[in-house]
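K.L.:
Just passing along the structure, written as structure tokens.
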Amino acid sequence: LRILLIGDIVGRPGRKVVRQLLPRLRKHHRLDLVVANAENAAGGFGITPPVGEELLTSGIDLLTMGNHAWGKKESYDYVDAEPRILRPANYPAGVPGRGSTVIRTASGGLAGVINLGGRVFFSTDLECPFRTGRREAERLRERTPVILVDFHAEATSEKVALSYHLDGQVSVVAGTHTHVQTADERILPGGTACISDLGMTGPVDGVIGIRKQLALERFLTQLPIRFEVEQGPCALCGLVVEVDDRDGRAREVYRIQERG
Ligand SMILES: [Fe+2]
Ligand SMILES: [Fe+2]
């Protein structure tokens, strides 16, 4: 089973590079399943129904979110209604949407997907991602050994630690949120592939996707400058994982960074 996990898709430029590259990537890497983080897909913050539909008809099977899940007022109802979108599973009970699911892959098998949010350097007070991750993995394993985790977190330490915590329980732990791809992809002893961050899918010349003049102005003045998505050349960043669908262990893992 061959899976592509795509890092945070940022705004219209990010969506465009997905539409442009994904059909070829699906063929070239013989992909059975594509999961992408879409927390920044609508103008840099959140998601709307048209933006979600655009991504879910461009070769992506499932979308995950993060701290910007609620960035648009339409996000709440849409995340709640669309079964192919996840938000972090460790939000308090009663929050719209769902944090994990099981989907059918192009090759006919089942894959579980879990979205988790980190707590280090975040102001939100989520439940423990380590305990929630274990609990959700155990629940999904009753249906399939193939399980993917998008851990949306800031601190590399928290992401590496969660990868070890879930080693042998899931097929892959992929970090998202920092928008810069890390070079630490590997397969842990228990068979779990991991990477601290998938990187970003969007404009490469901004400040993690934001227009650099605006990001700089905010740093220099400390005023609440309104952010806009950068324009110009884009890249698609992600991780390809080959998983044995009999035991859920990762067999191969490599990063991709494709220019649009
Ligand atoms: Fe992001
Ligand atoms: Fe984020």
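K.L.:
Write out the chymotrypsin sites (Phe, Trp or Tyr not before Pro) in the stretch 59-157 meeting two conditions: DSSP loop, and at most 16 other Cβ atoms within 10 Å of their Cβ. Working shown, then result.
P.N.:
Details: sites: Trp70, Tyr76, Tyr78, Phe121, Phe122, Phe130, Phe151; in loops: Trp70, Phe121, Phe122.
Passing sites in the stretch 59-157 are Phe121.
K.L.:
I need to check one value: relative contact order of the stretch 1-75, counting alpha carbon pairs closer than 8 Å and at least 6 residues apart, in percent. Walk me through the intermediate numbers first.
P.N.:
Numbers: 136 pairs, mean separation 26.3, N = 75.
The normalised contact order for the stretch 1-75 reaches 35 percent.
K.L.:
At what distance in angstrom do the alpha carbon centres of the stretch 58-125 and the stretch 214-251 lie from each other?
P.N.:
With the stretch 58-125 and the stretch 214-251 each reduced to a Cα centre, they are spaced 16 Å.
K.L.:
Sticking with this structure for a sec: I'd like to know which of Leu116, Pro50, Leu21 lies farthest towards the positive end of the charge dipole of the stretch 1-139, counting +1 on Cβ of Lys and Arg and -1 on Cβ of Asp and Glu.
P.N.:
Leu21
K.L.:
All other residues with a Cβ under 13 Å from the Cβ of Arg104 taken together, and with Lys, Arg as +1 and Asp, Glu as -1, what is their net charge? All intermediate terms of the calculation are to be shown ahead of the outcome.
P.N.:
On the way: positive: Arg84, Arg143; negative: Asp32, Asp61, Asp245.
Result for the local shell: -1.
K.L.:
Which value at 222 nm does the chain reach when only helices count, each DSSP H run of 4 or more adding -39,500 (n - 2.57), with the total divided by all residues and rounded to the nearest 500 deg cm²/dmol?
P.N.:
Values: 6 runs with 66 residues, N = 260.
Mean residue ellipticity at 222 nm (helix-derived): -7500 deg cm²/dmol.
K.L.:
Next question. Residue by residue through the stretch 29-40, which ³J(HN,Hα) values in whole Hz follow from phi under the Karplus form 6.51 cos²θ - 1.76 cosθ + 1.60 (θ = phi - 60°), with glycine and proline marked x?
P.N.:
9, 6, 7, 9, 7, 10, 10, 9, 7, 10, 5, 10
K.L.:
Moving on to the next point. If you roll a 1.4 angstrom probe over the protein chains with everything in place, what fraction of the accessible area of the stretch 147-260 belongs to carbon and sulfur, to the nearest %?
P.N.:
Details: 2590 of 5000 Å².
Heavy-atom surface of the stretch 147-260 belonging to carbon and sulfur, 1.4 Å probe: 52 percent.
K.L.:
Name the residue farthest towards the positive end of the dipole of the chain from the options Ala250, Ile195, Leu214, assuming +1 on Cβ of Lys and Arg, -1 on Cβ of Asp and Glu, about the Cα centre.
P.N.:
Result: Ala250.
K.L.:
Here's another thing I want to ask about it. Given springs between every Cα pair under 10 Å in a Gaussian network model of the chain, which of Gly71, Gly248, Gly109 has the largest fluctuation?
P.N.:
Its mean-square fluctuation being the largest, the pick is Gly109.
K.L.:
If I model a spin label at Tyr254 and Gln213 as a point 7 Å from the Cα along the Cα→Cβ vector, what separation in nanometres do I get?
P.N.:
4.1
K.L.:
Mind listing which trypsin sites (Lys or Arg not before Pro) in the stretch 215-260 are in a DSSP loop and have 15 or fewer other Cβ atoms within 10 Å?
P.N.:
Working: sites: Arg218, Arg226, Arg246, Arg249, Arg251, Arg255, Arg259; in loops: Arg226, Arg246, Arg249.
Here the sparse-neighbourhood loop sites are Arg226, Arg246.
K.L.:
How large is the charge dipole for the stretch 74-213, taken about the Cα centre, if only the Cβ atoms of Lys, Arg (+1) and Asp, Glu (-1) carry charge, to the nearest 20 debye?
P.N.:
For the stretch 74-213, the charge dipole is close to 260 debye.
K.L.:
Right, next: Accessible area per residue for the chain in Å², computed with a 1.4 Å probe and the full protein assembly in place, what is it? Working shown, then result.
P.N.:
Values: 11140 Å² over 260 residues.
With all protein chains present, the chain gives 43 Å² per residue.
K.L.:
Could I ask something else about it? Could you work out the relative contact order of the stretch 150-260, using alpha carbon pairs under 8 angstrom and six or more residues apart, expressed as a whole percent? Before the final figure, lay out each step's value.
P.N.:
Details: 242 pairs, mean separation 25.7, N = 111.
So the answer I get is 23 percent.
K.L.:
Let's test the formula: R0 of 25 Å, r as the Cβ-Cβ distance of Asp205 and Thr57. What FRET efficiency results, to the nearest 0.05? Before the final figure, lay out each step's value.
P.N.:
On the way: r = 28 Å, r/R0 = 1.12.
That pair, Asp205 with Thr57, gives E of 0.35.
K.L.:
Hey, got a sec? Which GluC sites (Glu not before Pro) in the stretch 200-260 land in a DSSP loop and have at most 16 other Cβ atoms within 10 Å? Before the final figure, lay out each step's value.
P.N.:
Details: sites: Glu217, Glu228, Glu230, Glu242, Glu252, Glu258; in loops: Glu228, Glu230.
Passing sites in the stretch 200-260 are Glu228.
K.L.:
Around Asp197, under 15 Å between beta carbons, what's the net of Lys plus Arg minus Asp minus Glu among the other residues? Walk me through the numbers on the way to the answer.
P.N.:
Working: positive: Lys159, Arg186, Arg255; negative: Asp8, Glu39, Asp150, Glu154, Glu158, Asp184, Glu185.
My count for the surroundings of Asp197 gives -4.
K.L.:
Could you rank Val102, Val146 by how accessible they are, 1.4 Å probe, largest area first? Mind showing how you got there, number by number?
P.N.:
Values: Val102 30, Val146 0 Å².
Descending accessible area places them as Val102, Val146.
K.L.:
Work out the length of the dipole vector of the chain about its Cα centre, built from +1 on the beta-carbon of each Lys and Arg and -1 on the beta-carbon of each Asp and Glu, and round it to the nearest 20 debye. Each step should come with its number before you reach the end.
P.N.:
On the way: 33 positive and 32 negative charges, 84 e Å.
That gives a dipole near 400 debye.
K.L.:
Check cross-link reach from Lys212 to the lysines: straight Cα distance under 21 Å, and skip same-chain residues fewer than eight apart.
P.N.:
Hits, sequence-local ones excluded: Lys16.
K.L.:
Also, I was wondering about something else. Using the Kirkwood radius built from alpha carbon pairs, what does the Stokes-Einstein equation give as D for the stretch 121-168 at 4 °C and 1.567 mPa s, in µm² per second?
P.N.:
Numbers: Rh = 11.7 Å.
Calculated translational D: 111 µm²/s.
The values are calculated or read from the model by the stated rules, or taken from the named source; none is laboratory data. Here the structure is a predicted model, which is why all the values come from computation and not from measurement. We place every Cβ from the backbone using ideal geometry, glycine too, and count neighbours over all the protein chains shown. Note: areas computed on protein heavy atoms with side chains; ligands, DNA, RNA excluded. Shrake-Rupley method; radii C 1.70, N 1.55, O 1.52, S 1.80 Å.
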